[in-house]
Amino acid sequence: MTLPNDPVSLDYAPRPSLGRRRWVRRALLLLTTVVVTASLYRYGPAMWQRATVMYWQRQCMNFSPPAGTVVFDRRGAKLATAIPIPVGYFEKSRLRSLIRLRQGQTKEKETEFFPNCLDEFTSRMPPRERINEGCVLYCHERVDPAGNRRLVTVQYESTFTGDTLLSDLDSRVFVPREMFRDPEQPLLYNIRGCYFGPVSLPTPVQIYAGQTDPLDLSHFTIQYRWPDGVVGTIDGSLQSMDIVRLSIRPGPGDLESTRKRYLIPSTNP
């Protein structure tokens, strides 16, 4: 077998010119820029708004003021020294008319504090999901018996009597939002041991920021102080079906014990 003396030459396609390659790269870069710019223009504001809501939601679910933080003081402007604004709050003091059956009509300026994170979070919610103007006593994540995570808030709308302490509390449950999904929010529903008696007990002079129970993921407590200095405790827990149960813990600070200290006959049925 004989081999040819001359090697076989291979014919290759001509190499694209340098100018053509540059034109293709520039066209691809321009096309990518146009697509990214159009996407940012179309979806950028909504994504930024969504990311902002997620950030403030996370701040609310991790909000943990120190124990003993005063978030409500009935005396307000009557105090010689103003109550310092707690870290993470801003003051919501407003003049409200309180009708007192035994003293006639009076006006008191109460000191109330509202968490910054909750204000930022709810201000971005639809109007039907926003909370009212009451003082915020509790704001944190809780877990129901089925393991569902929820943001729970409790607010206090002061009235003219301590008899309606529980019925003056308004709790809200928020299903955590996700980056690309808005879950349906639960209806407002509380379970409270409401007491309807005569206008007798004074309102608590101070209420402190609620505390999360580290041993029970559904439980939290809120403490309050009567004018005579006795402290009471409200127990709260997240139940199934997004229900918040609130009750006053038996002890020196409950309604019956306080009524006895003030020598007021009980009318509890």
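Only the coordinates and a few stated rules stand behind these numbers; no lab work does. Note that the coordinates shown come from a computational prediction; the quantities given were computed from them, not determined experimentally. No Cβ is skipped: glycine too gets one built from the backbone with ideal geometry, and neighbour counts run over all protein chains shown.
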**Fill in**
Applied in sequence order to region 251-258, the curve 6.51 cos²θ - 1.76 cosθ + 1.60 (Karplus, θ = phi - 60°) yields integer Hz couplings, x standing for Gly and Pro, of x, x, x, 6, 5, 5, 5, 5
**Complete:** Long-range amide H partners of TYR138, meaning residues 5 or more apart or on another chain whose placed amide H is closer than 5 Å, are VAL154, GLY210
**Item:** J(HN,Hα) series, region 63-69, from Karplus relation 6.51 cos²θ - 1.76 cosθ + 1.60, nearest Hz, glycine and proline x
**Value:** 6, 9, x, x, 4, x, 6
**Complete:** The set of residues whose placed amide H lies less than 5 Å from the amide H of SER171, leaving out same-chain residues fewer than 5 positions away, is GLN155
**Request:** Determine, from the Cβ-Cβ distance of THR69 and ALA146 and an R0 of 41 Å, the FRET efficiency 1/(1 + (r/R0)^6), rounded to the nearest 0.05.
**Result:** 0.85
**Message:** Suppose each label sits 7 Å from its Cα in the direction of the beta carbon; what would the ALA51-VAL34 distance come out to in nanometres?
**Reply:** 2.6 nm
**Prompt:** If you plug each phi of region 162-175 into the Karplus form 6.51 cos²θ - 1.76 cosθ + 1.60 with θ = phi - 60°, what whole-Hz ³J(HN,Hα) values come out, in order, with x for Gly and Pro?
**Reply:** x, 4, 9, 4, 5, 6, 7, 8, 10, 9, 10, 10, 10, 6
**Asked** Sorted by mean Cβ packing within 10 Å, highest first, what order do the peptides 68-74, 168-174, 143-149, 52-58 take?
**Response** 168-174, 68-74, 52-58, 143-149
**Request:** Quickly work out the ASP235-to-ARG124 label distance, labels modelled 7 Å from Cα along the C-beta direction, and quote it in nm with one decimal.
**Result:** 3.7 nm
